[in-house]
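Below you'll find the structure, written out as structure tokens, and then a few comments.
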Amino acid sequence: MLSNPRIDLGYLLLRWQDENDPTPSLDELEARYSNEAVIRQLRERNEQGISP
């Protein structure tokens, strides 16, 4: 069974980075934003390899 090409493209673009793209770390995001629930969720997803 083949996967959906749109999903494959979306995942590729989600992870796409150009050479000079800024990528804030989770620590930087946590310092900027006070929503602890969202930061916790991002950290959990990052452990699974799904975070930006």
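The values are calculated or read from the model by the stated rules, or taken from the named source; none is laboratory data. Source: prediction; values computed, not measured. Virtual Cβ from ideal backbone geometry, glycine too; neighbours counted across all protein chains shown.
Selection of region 14-35 for residues being touching a helix residue (DSSP H, G or I) at 6+ places or on another chain (Cβ under 8 Å) and not in a loop (DSSP other than H, G, I, E, B) yields LEU26, LEU29, GLU30. Per this entry, ILE39 is counted among residues that are in a helix (DSSP H, G or I), in contact with an Asp or Glu (Cβ under 8 Å, 6 or more places away or on another chain) and either at pLDDT 80 or above or of a type in the set (D, E, K, R) (or both).
Residue count for region 36-46 satisfying the condition of being farther than 18 Å from LEU14 by Cα and either in contact with a helix residue (DSSP H, G or I) (Cβ under 8 Å, 6 or more places away or on another chain) or loosely packed, with under 11 Cβ neighbours inside 10 Å (or both): 3. Just one of the listed residues (LEU13, LEU9, LEU42) is on the phi < 0 side of the Ramachandran plot, touching a Ser or Thr at 6+ places or on another chain (Cβ under 7 Å) and not hydroxyl-bearing (Ser, Thr, Tyr), namely LEU42.
Taken together, the criteria exclude GLN17 from residues that are polar (S, T, N, Q) and either at pLDDT 80 or above or surrounded by 11 or more Cβ atoms within 10 Å (Cβ to Cβ) (or both).
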